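Below is one structure, written out as structure tokens; the observations come after it.
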Amino acid sequence: MLEQHEASAFAARVARLLERVEYRRADSSQDKEAIFRMRYEAYAREGFIEPNGSGLFTDADDECPNAWLIAVFIDGALASSIRLHIASRPDQFLPVSKGFPDIIMPRLEAGDLIIDASRQTSRIEFTRTYPFLPYITMRSAFIAEDHLGGDFITAACRPEYRAAEIFIPVENPAREADARRFADTVIKQLRAGAPFPVVAAQFSQSQSALEGGDLGWVQPSQLDPGVAQVVQQMPPGAVSEPIAVPGGIAIVHLIAKRLIGRDVATVLSMREVFLPFATPLVPAAPTPQQIATLKRAQAISASVRSCPDMEQVAKENPSPRPVDPGPVRLDSVNPPAFRAMLASQSLDHATKPLVAQDGIAVMIICSRDEKNLDQITKQQVQEQILQTRVELLSRQMQQDLRRKARILQRGEPGGLTVASQN
């Protein structure tokens, strides 16, 4: 439920920003130069290219007849860009075919339409303000896929980092020492176990504070150079030392890292029966009801040999928890001892009774699969585009209704009547 709520909140933020976004194919020399300059700044900041006198970064692939340079504007200002190559024949070039000809060429020979996304870059000031800008930018590939009836979207895998930040402003250089001492105090609290989202919401002065400091999944080019250098060297779970950034000091927490488009994890399908206690358990003095519950849980553990068996037991022992908890990502299970137990548990045996203060659970694992959780199917892309269209249409209708309505005061004081201008 929490993941669904977070996904809904994320979609709402993206939908709100899309009202201010314009996608434009860069055909003019002026638009292309702006993209090449932004690309140069991003790649130079990440150390991927050597400095040059022009301040522009382009390559021969930009001039292919099947290449589209897409510029993304927010409130009229260039925020990001992406390059799309579109091909449905072997004689049409795709950058991805350089590295994966054995995969791409058979698809093109079969007549599949492939959209290859590359050179995605953004201005760092927009990335800091809108952590989900990469999704807004990549959306242009989904729109092209939907419009052209594409079969596949491809993109090269690059490292991506899930990071959170606390930004402490330094408006007066004379107060920098005080800001650093404060940052040291905050870091000490974080490393002692204080929740990063809570601390960020309380002390951070960046827009990401509203999300507990969470920047989402970002690439090094989307971060301040000093922050990017530190993040690439941090292990997941670490909290950085104070980092000097323009306008202040940053404290960074690396949540996770992955390759874009590749997030392989072990996913469990499970069934469980939860037998609640009538009162909280006191281990030294269990009640008769709790003792009876333990005996029933032991009997279930000894008899259940399959997921259908557990589903039948759940029907006979109604509980406040669903028998199917849904897909469970193994590496997200805590505490570690529980995770290790699930990793080694046999598929044809139920677990031993798992006793907690409020009741006892017995589980069985139906399947244990390795999955790429970052892989998006064509159906998911179509559903995302449809959902975005519905949300934007709904917002547009609400705005139209507000513009067409006016409020009149009639009758007794405080009485309001809404009337249409039409």
**Request:** State which entries of Lys257/Lys371; Lys295/Lys315; Lys295/Lys371 exceed 27 angstrom in Cα-Cα distance in the structure shown.
**Result:** Lys295/Lys371
**Prompt:** For the stretch 2-156, what is the charge dipole size about the Cα centre, in debye to the nearest 20, if Lys and Arg each add +1 at the Cβ and Asp and Glu each add -1 at the Cβ?
**Reply:** 440 debye
**Request:** For Arg16 paired with Ala284, estimate the spin-label separation in nm (one decimal), with each label point 7 Å from Cα along the Cα-to-Cβ line.
**Result:** 5.2 nm
**Prompt:** In whole Å, how far is the Cα centre of the stretch 19-47 from that of the stretch 265-292?
**Reply:** 57 Å
**Share of Cα-Cα pairs in the stretch 218-287 lying beyond 14 Å, as whole percent** = 73 percent
**Item:** Residue-span extension gain [Gln298 to Arg191] - 0.36 nm each, minus C-alpha spacing
**Value:** 34.4 nm
**Message:** What whole-number distance in Å separates the alpha-carbon centres of the stretch 88-108 and the stretch 180-229?
**Reply:** 42 Å
**Request:** Identify all aspartates and glutamates with a Cα-Cα distance to Lys32 below 15 Å; exclude those on the same chain that are fewer than 8 residues away in sequence.
**Result:** Glu41, Asp59, Asp61, Asp62, Glu63
**Request:** Evaluate E = 1/(1 + (r/R0)^6) for Cys64 and Asp348, where r is the Cβ-Cβ distance and R0 equals 56 Å; express this FRET efficiency to the nearest 0.05.
**Result:** 0.50
**Förster radius 51 Å - calculated FRET efficiency between Lys98 and Ala340, Cβ distance, rounded to 0.05** = 0.75
**Message:** Take Lys257 and Phe73, extend 7 Å from each Cα along the Cα→Cβ direction, and tell me the distance between the two endpoints in nm.
**Reply:** 3.8 nm
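Every number here is computed from the coordinates shown, using simple stated rules; none is lab data. Bear in mind the structure is a predicted one, so any value in this text is a computation, not a measurement. With ideal geometry, Cβ positions are generated from the backbone for all residues, glycine too; neighbour counts draw on all protein chains shown.
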